[in-house]
Amino acid sequence: MTSSKSRLLRLLAGAAAVLAAGLGYAAWVSLTGLAIPCPVHALTGLWCPGCGVTRMCLALLGMDLAGAWRANPGLLLALPAAAVLLGSMAWRYVRQGKRALLPWQTGLVWALVVWMLGFGLLRNLPAFSFLAPR
């Protein structure tokens, strides 16, 4: 049986790896201007729910909330709920060693999925073209 301390260290190591990869990618994009293109947009010309996420993250790193909003308002609005979800999952894993989602967490995951799919649909309608990444 693993202890809370070992689970916390494992979780922190994983979070540090994800953070390092994200910051490395942000540095690469900032220095070169080269980013991973969206395959959905490249193939269909439609904006997927994640289009603009790189620009949103770069704007957030620069404390530019308006720029983040212009890049991907749907995901920006979903970030607090996603943070609550990830934080509660991390807390439960460290304290109890449990990875299974609680019913409210499962509901929140599905709400976020529906939110992002709806956002992806809306941003491709002419009346909502202002939701396209800029």
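Could you list all residues from segment 120-134 that are open to solvent by less than 30 Å² (accessible area, probe 1.4 Å), assigned to a helix (DSSP H, G or I) and aliphatic (A, V, I, L, M)?
Once the filter is applied, which keeps residues that are open to solvent by less than 30 Å² (accessible area, probe 1.4 Å), assigned to a helix (DSSP H, G or I) and aliphatic (A, V, I, L, M), segment 120-134 yields only L131.
Within segment 38-47, is even one residue within 17 Å of the chain's Cα centre (by Cα), aliphatic (A, V, I, L, M) and either closer than 14 Å to L131 by Cα or open to solvent by less than 60 Å² (accessible area, probe 1.4 Å) (or both)?
Scanning segment 38-47 turns up no residue that is within 17 Å of the chain's Cα centre (by Cα), aliphatic (A, V, I, L, M) and either closer than 14 Å to L131 by Cα or open to solvent by less than 60 Å² (accessible area, probe 1.4 Å) (or both).
The values are calculated or read from the model by the stated rules, or taken from the named source; none is laboratory data. Since the model is a prediction, treat every value here as computed from it, not as a measurement. For the accessible areas, the whole protein counts, side chains as well, though only heavy atoms, and no ligand, DNA or RNA atoms are used. Shrake-Rupley method; radii C 1.70, N 1.55, O 1.52, S 1.80 Å.
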